[in-house]
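Structure, as structure tokens:
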Amino acid sequence: MTRGKFITIEGQDGAGKTTNIDVMKRYMQAANISFVQSREPGGTPLGESVRELILNSGDERIGNKAELLLMFAARAQHILEVIEPALERGDWVLCDRFTDATYAYQGGGRGMTVSDISELEQYVQGDLRPDLTILLDLPVEIGESRAGQRSAPDRFEQQKLNFKQQVRDHYLARAAAEPKRIKIIDASQSIEAVKASINDAMKEYIGNV
Ligand code: TMP
């Protein structure tokens with residue numbers, strides 16, 4: 001049995017992940033790839049509870065260390081229950097965010113060190129890394145105005161412009177360091193142009209598997 005592939009989509013809040021994960025999903029369906037779709041934080045009952053705790057913690061201030069550990073706790077359960085079993089049985093996994101988000105948000109936004117994050121990454125994931133990551137990139141002001149048109153902002157959407165700029169910069173730095181895995185898509189283009197760019201990236205990746 002050939003092991004499945006692990007594909008993720010990333011980007012700042014307001015970059016259009018929800019619309020574009022559907023584009024990826026449709027591409028995989030058309031290519032007859034059997035896959036499971038999931039998200040982080042979340043993807044398991046424990047992970048969804050952690051998501052609720054982190055994103056809507058009310059008045060309690062969650063410290064940076066607790067936030068980082070909660071992300072990885074949810075991830076550990078997600079890998080155990082969903083990601084590894086799927087990949088082992090040959091299914092692909094399409095995941096809305098993964099550890100690149102931790103480097104961008106907890107690293108870039110909150111200022112946690114790369115060495116702390118990479119130690120946890122190694123501990124929780126072992127060798128597991130995404131095979132392909134689609135990064136939706138756009139100027140933070142555009143992302144902010146798009147995210148602002150949706151429902152009540154969560155703890156990350158409430159952050160200031162500087163936090164969001166750090167998130168974007170850290171995503172871009174990761175993409176620059178791993179250009180084979182992380183494909184940057186210009187999300188400020190029209191919806192149709194973004195869709196076409198995503199389909200091109202999927203075609204290129206799947207054509208070379
Ligand atoms: P979203 O799924 O609607 O994008 O919301 C998830 C939020 O959680 C988003 O603002 C990014 C944040 N997040 C982190 O801060 N670190 C992480 O490791 C992950 C997976 C998400």
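The values are calculated or read from the model by the stated rules, or taken from the named source; none is laboratory data. Since the structure is predicted, the reported quantities are computational estimates derived from the model, not experimental observations. Neighbour counts run over all protein chains shown; Cβ positions are idealised from the backbone, glycine included. SASA here: full protein model, heavy atoms, side chains in, ligands and nucleic acids out. Shrake-Rupley method; radii C 1.70, N 1.55, O 1.52, S 1.80 Å.
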Q: Might you let me know whether the stretch 28-38 holds any residue that is of a type in the set (A, V, I, L, M, F, W, C), within 30 Å of GLU141 (Cβ to Cβ) and open to solvent by less than 30 Å² (accessible area, probe 1.4 Å)?
A: no
Q: Return a yes/no flag: does the stretch 115-123 have any residue that is among the aromatic types (Phe, Trp, Tyr), under 16 Å from the mean Cα position of the chain (by Cα) and surrounded by fewer than 20 Cβ atoms within 10 Å (Cβ to Cβ).
A: no
Q) Out of all the residues in the stretch 87-105, is one or more without any contact (Cβ under 8 Å) to a residue 24 or more places away in the chain, farther than 23 Å from ARG3 by Cβ and either open to solvent by less than 10 Å² (accessible area, probe 1.4 Å) or not in a helix (DSSP H, G or I) (or both)? A) no
Q. Exactly one of (1) more than 10 Å from the ligand (Cβ to nearest atom); (2) open to solvent by less than 20 Å² (accessible area, probe 1.4 Å); (3) hydrophobic (A, V, I, L, M, F, W, C); (4) part of a helix (DSSP H, G or I) is unmet by ILE7. Its number?
A. (4)
Q. In this structure, is ASN64 in contact (Cβ under 8 Å) with a residue 60 or more places away in the chain and open to solvent by 20 Å² or more (accessible area, probe 1.4 Å)?
A. no
**Q.** Output for the stretch 132-166, where each listed residue is of a type in the set (A, V, I, L, M, F, W, C), buried (at least 16 other Cβ atoms within 10 Å of the Cβ) and within 17 Å of ASN20 (Cα to Cα)
**A.** LEU132, ILE134, LEU135, LEU136, LEU138, ALA147
Q.
Quick check on the stretch 184-207. Is at least one of its residues touching a strand residue (DSSP E or B) at 6+ places or on another chain (Cβ under 9 Å), open to solvent by 50 Å² or more (accessible area, probe 1.4 Å), part of a helix (DSSP H, G or I) and closer than 20 Å to ILE117 by Cβ?
A. no
Q | Among (1) touching a Gly at 6+ places or on another chain (Cβ under 8 Å); (2) within 13 Å of the ligand (Cβ to nearest atom); (3) over 25 Å from LEU94 (Cα atoms), the one test that GLY148 misses | A | (2)
Q. Does the stretch 102-114 contain any residue that is at negative phi and away from the ligand (no atom under 16 Å from the Cβ)?
A. no
Q: Kindly indicate whether ILE21 is aliphatic (A, V, I, L, M), within 16 Å of the ligand (Cβ to nearest atom) and assigned to a strand (DSSP E or B).
A: no
Q.
Looking at the structure I just gave you, is ARG75 free of Cβ contacts under 8 Å to residues at least 60 places away in the same chain, farther than 20 Å from THR2 by Cα and surrounded by 20 or more Cβ atoms within 10 Å (Cβ to Cβ)?
A. yes
Q | Extreme residue, farthest from the chain's Cα centre (by Cα), among residues of the stretch 29-61 that are more than 11 Å from the ligand (Cβ to nearest atom) and among the β-branched types (Val, Ile, Thr) | A | ILE33
Q.
I'd like the residue in the stretch 167-183 that is outside any helix (DSSP H, G or I) and open to solvent by less than 60 Å² (accessible area, probe 1.4 Å) and, out of all such residues, is nearest to TYR27 (Cα to Cα).
A. LYS183
Q | Qualifying residue in the stretch 64-71 (condition: modelled with pLDDT of 95 or more and more than 13 Å from the ligand (Cβ to nearest atom)) | A | yes
